[in-house]
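Below: one structure, written as structure tokens.
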Amino acid sequence: MKIFFKVILLVLVLLAISFGITKIVLMPQDVEFFGSYGFTKPILIAYGITQLIGGIMLAVPISRIIGAIIVAATFIISAVVLVIAGKYAVTFITLICVLLLGFIIKRSLKLAAPGTNETQE
């Protein structure tokens, strides 16, 4: 279970950080897609910074739960925009990521509980 946890955690951290960076640097595809749903460039940059910070916090054990919540919130926002755009396959993948973030939160809470023999991963 530890290896599965670490692999899922690594993938989610890399996704959050890379998605955040693409929004911060205003990749044309992101600007065009999110812009058509009301995201201005400053809002898109703030959204990207939020994803980046969430991804970094997700990587650090002491802030993992808060980071996972932040990343999950940004992924849910993306999922809503994707549903509006009719991109259901990508929405499904995004929601799977949200479920995996829920797994990370649940596992991290379990590890933080008093009386747990396992150490933080």
Practice problem: Quote the accessible area belonging to Leu100 in square angstrom, nearest 10, computed with a 1.4 Å probe and with ligands, DNA and RNA left uncounted. | Solution: 50 Å²
Exercise. Taking the Cα centre of the chain as origin, work out the dipole magnitude from +1 charges on Lys and Arg Cβ and -1 charges on Asp and Glu Cβ, in debye rounded to 20.
Key: 220 debye
Quiz item: How far apart, in nm, are the 7 Å Cα→Cβ label points at Leu26 and Tyr88?
Solution: 3.5 nm
Quiz item: Roughly what angle does helix 64-85 make with the longest principal axis of the chain, taking Cα atoms, 0 to 90 degrees, to the nearest 10?
Solution: 30 degrees
Quiz prompt | Kirkwood Rh, Cα atoms: Rg over Rh of region 53-93 | solution = 1.14
Quiz item: Which order do Lys2, Lys110 take by accessible area at a 1.4 Å probe, largest first?
Solution: Lys110, Lys2
Quiz item: For the chain, max minus min Cα coordinate along each principal axis, in Å, sorted largest first?
Solution: 50, 26, 20
Self-check item: 24 Å Cα cut-off, lysine pairs counted over the chain (separation 8 or more, or different chains)
Solution: 7
Quiz prompt | Extreme residue, positive dipole direction of the chain, given options Val90, Ser36, Val71 (C-beta unit charges) | solution = Val71
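The values are calculated or read from the model by the stated rules, or taken from the named source; none is laboratory data. As the structure is a prediction and not an experimental result, all values here were calculated from the model. Please note: Cβ atoms are built from the backbone with ideal geometry, for glycine as well, and neighbour counts cover all protein chains shown. The accessibility values were calculated without ligands, DNA or RNA, using every heavy atom of the protein model including side chains. Shrake-Rupley method; radii C 1.70, N 1.55, O 1.52, S 1.80 Å.
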